[in-house]
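Colleague: Sharing a structure here in structure tokens format.
What follows is calculated from the coordinates using simple rules that are stated; it is not laboratory data. The shown structure was predicted, so the numbers you read here are calculated from the model rather than taken from an experiment. All Cβ positions, glycine included, derive from the backbone under ideal geometry; neighbour counts span all protein chains shown.
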Amino acid sequence: MAHISVLVIVVIITALAFDFTNGFHDTANAMATSIATGALRPKVAVLISGVLNLVGAFLSTKVAQTISSGIVNDRLATPAIIFAGLVGAILWNLLTWLFGLPSSSSHALFGGLIGAMWVGAGINGIHFDQVISKILLPAIASPLIAGVAATIATYLAYRITHRANQEPVTSGFRHGQTVSASLVSLAHGTNDAQKTMGVITLTLIAAGALAAGSAPPYWVIATAGLAIGLGTYIGGWRIIRTMGNRLTDIAPPQGFAAESSSTAVILSSANLGFALSTTHVVAGSVLGSGLGHRLAQVRWSVAGQMALAWLLTLPAAAAVGAVAAAVATRGTAGVVLIGLATIAAAVALYAISRREPVTAGNVNDIRPVVEAFSTAT
Amino acid sequence: MHIDWAALGQVAVVSIGVAVAVVVIFSFGILALSHRDTDIDRGNTATVALTGALLCFTACAATVVYGIYLIVPQLHH
């Protein structure tokens, strides 16, 4: 690694920062329902999830060798374009976190890269057919499948156990939930940490520090795993609250049904080569577990906000990525400018979040985040 | 553009099938445990209920082990 430029180091740091936001954005996917039902104490839940994400990162580096599963042309990517794409993804992740909206970190990353690529390397750098078959289709199909599974499973779980003594039933489902939530965390670590490893590895290849087609070096796997594990442990409490408490009210049988459905969908699709967003799957499952018990319990307005955030994620991250690329590809000064602007925006968003903090202590108090947010401002 | 509808259908059938099966079996396990408590309270033997519960939980544990097998690539290469 003789000639690693400052730009490459900046890209690596930015990639790790994205990985960190990816972690705290997605803690909710594995742990929100366990926290909501009291199966795990909030701090314990995020610790388990963080550790399993770290472990997962070391287990699998299979997809780390492509930056984005063929959605953009990796050969045309320069460090500046990758940097701009990451900036788009980080800013969108932070904004949706502020509003407590569980949006897909994968979509944010793909969106950012698409936007940056479009401006930096031209429209030929994007494979639109891949965008449809690998992003759009799974985004629609996976929450539906998870939702149907969770609805049926929840209905049957209540049907089977409703005459039994409720105390052992509740505690039994709580125990089951802990296991299924841990599986989701592990699967998340094996998938999501790899995206960052892929980004860093490709940057190193583009800079000539690694031979083309190299596997991620050990330090890349370790830092990416640590970043996502740490992010997960910090816990995106605002998003956990939305997923666990605001979308629907979750009792242990529903939580268990939802977690099992998410695990089944994530594992079966990964096994058959579908890249999907854990966020979409889990939201579908949680919604389904609400439908399977009492139809009226689902708060459709929250579900609507969430669906809107999903639709906006890719184009919004793409727009930020495009703007960032327009500046960053002009040279070192451009990269520095975008870097400083990103840090400033991140600090500002964090400062706004402190006005109405959501923590491990108040994550189960139900109060609409958007409403709380507008009273605070 | 190629969309593999067959694979998508397979994901749907497999995941719905597995999720529902695990939850149903686990629910029966819990039901059996609860019957066991009632049996003991009434002074009856609870061997049948206990065996049923153990069978159900073993089946669920096997599914979890298979899940870990699928997650960890080192196990199936």
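Colleague: Please compute the modelled spin-label separation between A:Arg41 and A:Gln130, points set 7 Å along Cα→Cβ, answer in nm with one decimal.
Modeller: 4.6 nm
Colleague: Within 10 Å of each residue's Cβ, count the other Cβ atoms and sort A:Phe256, A:Phe20, A:Phe99 from fewest upward.
Modeller: A:Phe99, A:Phe20, A:Phe256
Colleague: Another one. How do A:Ser262, A:Ser106 line up, fewest other C-beta atoms within 10 Å first?
Modeller: Working: A:Ser262 34, A:Ser106 27.
Fewest to most other Cβ atoms nearby, the residues stand as A:Ser106, A:Ser262.
Colleague: Given Cβ point charges of +1 (Lys, Arg) and -1 (Asp, Glu) and nothing else, what value in debye, to the nearest 20, does the dipole of the range A:6-376 about its Cα centre take?
Modeller: Values: 18 positive and 11 negative charges, 79 e Å.
About 380 debye.
Colleague: Once each part is reduced to its C-alpha centroid, what is the distance from the range A:2-50 to the range A:219-244 in angstrom?
Modeller: If we compute the Cα centre of each part, the gap is 2 Å.
Colleague: Only Cα pairs under 8 Å and at least 6 apart count here; give the relative contact order of the range B:16-75 as a rounded whole percent.
Modeller: Relative CO of the range B:16-75 lands at 36 percent.
Colleague: Separate question: Hey, can you grab everything whose amide H is under 5 Å from the amide H of A:Val72? Only 5+ residues off in sequence or another chain; H modelled, so Pro and N-termini drop out.
Modeller: Under 5 Å from the amide H of A:Val72 lie the amide H atoms of A:His127, each far enough along the sequence or on another chain.
Colleague: Report the relative contact order of chain A, percent, no decimals, based on alpha-carbon pairs under 8 angstrom and at least 6 residues apart.
Modeller: 35 percent
Colleague: Continuing with the same structure: Identify the trypsin sites (Lys or Arg not before Pro) of the range A:28-123 meeting these criteria: DSSP loop state and at most 15 other C-beta atoms within 10 Å of the C-beta.
Modeller: Of the trypsin sites (Lys or Arg not before Pro), the ones in loops of the range A:28-123 whose Cβ has at most 15 other Cβ atoms within 10 Å are A:Lys62.
Colleague: Between the range A:155-188 and the range A:253-324, how far is it from one alpha carbon centroid to the other, in angstrom?
Modeller: Computed from Cα coordinates, the inter-centre distance equals 20 Å.
Colleague: Once you place label points 7 Å from the Cα toward the Cβ at B:Val72 and B:Val13, how far apart are they in nm?
Modeller: 3.1 nm
Colleague: Follow-up. Could you work out Rg/(2.2 N^0.38 Å) for chain A, with Rg from alpha carbons only?
Modeller: 0.96
Colleague: Taking a ≥ b ≥ c as the square roots of the eigenvalues of the Cα gyration tensor of the range A:210-287, is the shape rounded (a/c under 1.5), prolate (a/b larger than b/c) or oblate?
Modeller: Values: a/c = 3.29, a/b = 1.69, b/c = 1.95.
It comes out oblate by the Cα gyration axes.
Colleague: With the convex hull built on the Cα atoms of the range B:16-75, state its orientation-averaged projected area in nm².
Modeller: Spelled out: convex hull of the Cα atoms, projected over all directions, averaged, 4.5 nm².
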